[in-house]
Amino acid sequence: MKLACLRVGFDDYQMDIYHIAKLFFEEVDMVGGDDPDAELRLALELAPIGADGSATVTATLERPASGGRWTHAESRLLRSGADDARRRELKRVVGSAMLRVLEEATGLEQPWGVLTGVRPTKLMHNLLRKQGREASVRQLQEEYLLTDGKAKLLADIAERQLAVIPDLFELDREVSLYIGIPFCPTKCAYCTFPAYDIRGNNGSVDTFLDGLHYEIRETGRWLKQAGLRITTIYWGGGTPTSITAEQIDALFETMRESLPSLDEVRELTVEAGRPDTITPEKLAVLKKWNVGRISINPQSFTQLTLDKIGRHHTVEETVEKFKLSREMGMDNINMDLIIGLPNEGIPEFQHTLDETAKLLPESLTVHTLSFKRASKMTKNRDQYEVAERDEIADMMKMANAFMDEHGYHPYYMYRQKNILGNLENVGYALGDRDSLYNILMMEERQTIIGLGCGAVSKVLYPATTDEEGNEHQKIERFPNPKEPSVYNQAYKEYIDKKLRLLDDAYGLTPSR
């Protein structure tokens, strides 16, 4: 879709305009206002700011080929006097005017309004800290144009998170750890995570593990020096259970020797996501080290779908390994399901829900398929037929009804670019089995230190408050190499840089 845009008074809002347009069109090419080949022409005009501080933005959309023309004017009172905050408020007025005119022209409703970010629950938490639930929901509806259902979902999740982690905003003197094991039996077509064939030539597994042991020891030394405890530990990847039981056991031994207060960690999760990597020996090692939560991810219970997306295990294996884990004492199991996988519609998704009901894991994460830029599926999109927007929305409603029927509650959520139907990914849990790490990782209320391949550290600096009482938190990302061969060559260099970043954030004198 070629979109010609005339922005009177909005020269620095191009990316904001682009992201709103992407909610409606799969491909958007922003071209000059006089481009003769433009399929749509959008004019955005800001009227002079009123004496009362009100801003009015008028959006006019034209489709030259059909002669269609739509106009919407959006007015808001700008409450803030600070330049940055006022720009954010004005950005919402621009987005709202554009969203409304595109909804009218296309007939599509955007349930998330002008919110395009990954973590909308962070916004809800910030609102709830200043005002009550009712006012926060109303503000999201009026200023961000969320539907009633999405605004209430955010409120439910934020309140649940505070019930599960009452000290969510007081964890800056603790950290969580993410340990990345970058190997899988095969790579799924939709995946962009570090997931290299464990039988391939992407770097020696043993050499990688040597580096990871070193990184665990150095991180433990730094944590003890800094006097910081660990809240949660999460093994991800890849599929951590791709390595052998003996290799898993050795990593836990190094963790016990090196990390502070391991017995006080609130939650220890290991992703055993691929059923074809789970063995009795590996489960025995996880039980030995008191792993409290694992994931066994079917994604779908339709075999043709698993074959299409490159998951070389059977539906039967998923059920068998789930039951084996139960027999060996694993009483907190998560499962991931994906809405919108290739060639799947309502009947296939209903079948997946029916099979899930026979197992009832303690938590379920329902993802909506996202076409990630680097995935095999995106690079060969014409080979993968997926459901239309309305059918995707119906499948999400089916998932919500399933969760209500079986007593699951939503406890965390996030959104992604290029997600089908402009929807979301939601984690649900039974009882008190909410994943603490998932909450902490999404809400960014403490430092997450990433170890291993593809692990990204998110280092939080001390929060500051501006003159209007708004809290600001600097977060610095530090990615480890994704490729095992690169990690193997340079892990000491990366570890040293990361620890210096941590020293700076926590005001410590480097000891290296």
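The values are calculated or read from the model by the stated rules, or taken from the named source; none is laboratory data. What you are looking at is a predicted structure, and each value in this text was computed from that prediction instead of being measured. Here the Cβ positions follow ideal geometry from the backbone for every residue, glycine too, while neighbour counts run over all protein chains shown. Each accessible area value is taken on the protein alone, full model and side chains, heavy atoms only, with ligands, DNA and RNA left out. Shrake-Rupley method; radii C 1.70, N 1.55, O 1.52, S 1.80 Å.
Please give the per residue accessible area of the chain, computed with a probe of 1.4 Å over protein heavy atoms only, in Å².
Working: 21950 Å² over 512 residues.
It amounts to 43 Å² per residue over the chain.
Using the Cα gyration tensor of segment 1-114, with a ≥ b ≥ c the square roots of its eigenvalues, what is the shape: rounded (a/c below 1.5), prolate (a/b larger than b/c) or oblate (neither)? Don't skip to the end; give the middle numbers.
Values: a/c = 1.85, a/b = 1.72, b/c = 1.08.
Judged from the Cα gyration tensor, segment 1-114 comes out prolate (a/c at least 1.5, a/b above b/c).
Remark: for residue pairs Lys474/Lys498; Lys224/Lys498; Lys91/Lys150; Lys458/Lys482, the C-alpha separation exceeds 18 Å in Lys91/Lys150. Rounded to the nearest 20, the Cβ-based charge dipole of the chain about its Cα centre (Lys and Arg +1, Asp and Glu -1) stands at 820 debye. The DSSP beta bridges internal to the chain are antiparallel in roughly 45% of cases. Adding -39500 (n - 2.57) for every DSSP H run of four residues or longer, then dividing by how many residues the chain holds, sets the calculated 222 nm ellipticity at -12500 deg cm²/dmol.
Ignoring ligands, DNA and RNA, please state the percent of accessible area on the chain from carbon and sulfur, probe 1.4 Å. Can you show the working numbers first?
Details: 10410 of 21950 Å².
Summing carbon and sulfur atoms, their accessible area is 47 percent of the total for the chain.
What shape does the chain have by the C-alpha gyration tensor, where a ≥ b ≥ c are the square roots of the eigenvalues, rounded means a/c under 1.5, and otherwise prolate means a/b greater than b/c and oblate the rest? Since a/c reaches 1.5 and a/b is larger than b/c, the shape of the chain is classed as prolate. A straight Cα-to-Cα reach below 16 Å connects Lys321 with the lysines Lys282, Lys287, Lys358, residues fewer than 8 places away in its own chain not being considered. Could you state the number of Å between the C-alpha centres of segment 224-296 and segment 80-128? When both Cα centres are located, 40 Å separates them. Counting only alpha carbon atoms, the long axis of helix 484-506 and the longest principal axis of the chain meet at about 70°.
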